[in-house]
1. From the residues in the stretch 358-403 that are touching a residue at least 60 places away in the same chain (Cβ under 8 Å) and under 15 Å from residue 340 (Cα atoms), which one is surrounded by the fewest Cβ atoms within 10 Å (Cβ to Cβ)?
2. Assuming residue 344 fulfils every condition listed in (1) without any contact (Cβ under 8 Å) to a residue 12 or more places away in the chain; (2) not in a loop (DSSP other than H, G, I, E, B) apart from one, which condition is it?
3. So which of 388, 403, 417 ends up being touching a helix residue (DSSP H, G or I) at 6+ places or on another chain (Cβ under 6 Å) and farther than 21 Å from residue 202 by Cα?
4. Residues that are under 27 Å from residue 347 (Cβ atoms) and either at pLDDT 60 or above or within 33 Å of the chain's Cα centre (by Cα) (or both): which helices (runs of 4 or more DSSP H) entirely in the stretch 1-119 hold 3 or more of them?
5. Taking the stated definitions as given, is residue 406 under 25 Å from the mean Cα position of the chain (by Cα), part of a loop (DSSP other than H, G, I, E, B) and in contact (Cβ under 8 Å) with a residue 60 or more places away in the chain?
6. When you check residue 184 against the structure, is it modelled with pLDDT of 80 or more and either assigned to a helix (DSSP H, G or I) or surrounded by 18 or more Cβ atoms within 10 Å (Cβ to Cβ) (or both), yes or no?
7. Just to be sure I understand, how many residues within the stretch 246-293 are part of a helix (DSSP H, G or I) and under 25 Å from the mean Cα position of the chain (by Cα)?
8. Can you name the condition, by its number, that residue 234 falls short on among (1) loosely packed, with under 15 Cβ neighbours inside 10 Å; (2) in contact (Cβ under 8 Å) with a residue 40 or more places away in the chain; (3) assigned by TED's automatic domain parsing to the domain that holds residue 295; (4) within 26 Å of the chain's Cα centre (by Cα)?
């Protein structure tokens with residue numbers, strides 16, 4: 001790209017910022033074709049066709065870039081265009097001194113690239129308000145602190161949108177959802193409208209999606225929190241942030257509070273060397289207790305890949321006392337995930353049943369990568385041959401053969417923990433799965 005003009009480089013920056021903007025990408029391809037960079041123009045046109053397979057302008061540009069005759073419609077349109085009037089020769093005094101027109105380039109990308117910096121506020125007049133006070137050294141006083149944690153309104157995603165995983169759905173229904181859906185019956189039996197559930201399993205298997213589905217089932221707001229939302233460099237601020245997280249969830253009740261990577265927020269205090277992080281874990285335990293029924297209507301869901309690193313006090317009754325193992329998707333779930341990731345891609349003659357069989361043990365993230373890799377294969381083949389083609393079964397099977405299950409390292413670590421540190425039978429379900437898969 002070193003021999004490309006500044007205008008083309010600016011357009012590449014704009015396309016990278018908005019990769020799905022087909023007209024913008026086609027404009028870049030036109031500029032590349034005008035500079036004699038035919039191969040680069042073919043590549044951009046192929047990407048545009050991937051986003052909009054039926055776009056006539058993209059197909060016509062692809063044909064021109066490959067040196068093929070243009071379609072009849074394009075020729076007719078060009079024949080009907082009136083000849084442009086010859087522009088008068090520009091006086092020598094007004095000709096640019098260099099070979100590149102910077103003003104024209106700036107107008108070309110003015111609407112595509114946003115400004116890098118915000119313009120300074122206008123000078124204060126007689127009736128202007130006083131300037132804002134500077135922030136304190138610890139960052140306090142920032143008016144943005146009030147909305148530091150986003151709370152999503154009740155969504156439409158439910159467990160019906162989770163493909164397969166019927167065993168997980170049944171356990172969620174019996175142990176968590178049924179009592180929450182029937183508050184009057186719960187009060188009759190002395191069941192409070194609060195609860196905690198710890199989900200664990202290999203990465204990329206849908207724990208976050210299940211948490212959102214639970215919120216949709218309960219018709220509750222959803223609030224996701226990770227360690228970067230809580231941890232602060234100043235002593236005492238992390239504990240304050242943890243308290244504010246729970247206070248926000250209580251104000252939005254009914255609310256599902258999702259603690260992502262809870263092994264970082266609630267790690268074992270016996271392994272900690274820094275007192276500040278120990279105090280943060282203590283604060284989390286206090287908030288989960290919800291003294292005086294403060295947590296009524298707050299449903300705490302936590303997710304982790306390493307449950308053996310979570311402080312044991314978090315799993316005592318009244319806190320995260322129920323656990324759920326989220327395993328790699330089963331066959332119906334894999335079919336639903338593959339169908340979802342292929343829905344907007346140009347495919348033909350795809351046998352999902354066969355593809356489901358060869359992708360056993362792959363996580364949801366692995367399946368998404370298979371679809372992405374298959375798209376890359378078809379795209380590269382189209383650019384090499386000059387013929388745009390659909391994604392076929394050969395592309396998907398080749399991609400599935402190259403992808404190795406990302407869950408294997410996790411099962412290698414979990415196997416030792418489940419065999420030799422299964423306190424209280426917490427990992428009985430994991431042991432049963434390992435035996436069924438003959439991984440013991």
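The values are calculated or read from the model by the stated rules, or taken from the named source; none is laboratory data. Treat the numbers as computed from the prediction; the structure is a model and nothing was measured. Heads up, the Cβs are rebuilt from the backbone with ideal geometry, glycines too, and the neighbour counts pull from every protein chain shown.
1. 365
2. Unmet condition: (2).
3. Working: 403 fails: farther than 21 Å from residue 202 by Cα; 417 fails: farther than 21 Å from residue 202 by Cα.
Step by step, each of 388, 403, 417 is checked, and only 388 is touching a helix residue (DSSP H, G or I) at 6+ places or on another chain (Cβ under 6 Å) and farther than 21 Å from residue 202 by Cα.
4. Details: elements: 6-17, 22-34, 38-51, 56-65, 72-80, 102-108.
Qualifying helices (runs of 4 or more DSSP H): 22-34, 38-51, 56-65.
5. Numbers: under 25 Å from the mean Cα position of the chain (by Cα): yes; part of a loop (DSSP other than H, G, I, E, B): yes; in contact (Cβ under 8 Å) with a residue 60 or more places away in the chain: yes.
Yes, satisfied.
6. Numbers: modelled with pLDDT of 80 or more: no; either assigned to a helix (DSSP H, G or I) or surrounded by 18 or more Cβ atoms within 10 Å (Cβ to Cβ) (or both): yes.
In short, no.
7. Here is the first cut: in the stretch 246-293, the residues part of a helix (DSSP H, G or I) are 246-251, 262-265, 269-271, 275-289.
If we keep only those that are under 25 Å from the mean Cα position of the chain (by Cα) too, we end up with 246, 248-249, 262-265.
Counting residues in the stretch 246-293 that are part of a helix (DSSP H, G or I) and under 25 Å from the mean Cα position of the chain (by Cα) gives 7.
8. (4)
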